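Here's the structure, in structure tokens; my notes come after.
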Amino acid sequence: MSGLATTRIALPTGVTLNLQRGGARGEPIVLLHGFPESHRTWRAVAPALAEDHFVVAPDQRGFAGSDKPEGVEAYATERILEDLIALADVLELERFTLVGHDWGGAVAWLAALRHPERVKRLVIVNSPHPLVFQKSLIEDADQRAASQYIRAFRNPTMERGIEAMGWETFYTKTFGSHADLSLIPAEEKQAYLDQWSAPGALTAMLNWYRASGIVVPETGEAAELPAWTQAPFPHLTMPTLVIWGLKDKALLPVQLGTLHDYVDNLAVAATPDAGHFIPWEHPEFVVSAIRDFIAETP
């Protein structure tokens, strides 16, 4: 990533994160990746944004070059949110634009809800709002069916299954059903394989799913909404942009339908030309949407 330097930063939360940072002296942007990736999710996005902004792109705990603490409880979203705020404190980022994809988006939604004084703008990339997602898993049969992989990832035998199939097959299954594999350069493919096969890496990544409180019933199972979904839910008031690749097979367009009920200042940029991994499938669209959003919300 041109203009960005790699470093490791020890946090008071007890983990050391690997990250890339750098760029211009403009206002800061923090980029959070999802499963099963790293800061390299943003390989075509971060350098472009760094032309005008100070960019920070960490490997979140459990991924790639960052620490991988043991135990499912270490991967509760609240713990990962603590990492984000601690990292911002260490880097003296008082307020920043926060961008999150996939699981990084889950952390970003929570950060905006819990720490609105720190998140100047919120950008969500193919990651569902927690309340909208939980409701859809109970009420929308198609979304529930599309989310059965979460149940599989929570299975304690999942590591053995992935290791038995081999990393090449896992790579093909992970990305091949969602995107054109030719979009991933050979060096990026090798980076994925190296990172996944590192000691403890696979369990750490899967523990993000195991630690989540989201309820995913089996297909066809009778299920009721969890009690927390019936309580008043806080609205977000900061400018919020949701970027969405409409080819996403895991997160369906139902995730966009009721967002206006919970986000007061919402913009949506959707494209039929990309799927779940839009940060590297269609980076030009992501960069353009973020730049326009920042320009419109000074």
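Computed from backbone phi with θ = phi - 60° and the Karplus coefficients 6.51, -1.76 and 1.60, the 3J(HN,Hα) list for the range 174-182 is 5, 9, x, 7, 10, 8, 6, 4, 5 Hz; x is used for glycine and proline.
Taking N as the residue count of the range 198-298, its C-alpha radius of gyration divided by 2.2 N^0.38 Å amounts to 1.34. Computed extension gain for A295 through H235, at 0.36 nm per residue and net of the alpha carbon distance, reaches 19.3 nm. Note on E73 and E168: with the Förster distance fixed at 41 Å, the Cβ-Cβ geometry gives a FRET efficiency of about 0.80.
Sorting the segments 69-80, 147-158, 111-122, 240-251 by their residues' average number of neighbouring beta-carbon atoms within 10 angstrom, most packed first, yields 240-251, 111-122, 69-80, 147-158. For the range 16-55, report the translational diffusion coefficient in µm²/s to the nearest whole number, using Stokes-Einstein at 4 °C, 1.567 mPa s, and a Kirkwood Rh over Cα pairs. The diffusion coefficient I find is 124 µm²/s. To the nearest 0.05, what FRET efficiency results for E27 and E284 with a Förster distance of 25 Å applied to their C-beta separation? The formula returns an efficiency of 0.70 here.
Looking at the calculated P(r) for the chain, what percent of the C-alpha pair distances fall above 35 Å? The share of Cα pairs beyond 35 Å in the chain comes to 12 percent. Residues whose amide H lies under 5 Å from that of S66, counting only those 5 or more places away or on a different chain, are N18; hydrogens are built 1.01 Å from N in the peptide plane.
Two numbers describe the Cα atoms of the range 107-261: Rg and Dmax, which are 17.4, 48 Å. Once backbone amide H atoms are built at 1.01 Å from N, K120 has F96, T97, L98 as its partners under 5 Å, excluding neighbours fewer than 5 places away on the same chain. Under 5 Å between amide hydrogens, built in the peptide plane, is the criterion, and for A269 it picks out V242, I243, W244 among residues at least 5 positions away or on other chains.
Computed from the coordinates by the stated procedures, all read-outs in this text should not be read as laboratory data. Quick caveat: nothing in here was measured; it's all calculated off a predicted structure. Because the Cβ atoms are built from the backbone with ideal geometry, glycine has one as well, and the counts that use them run over all protein chains shown.
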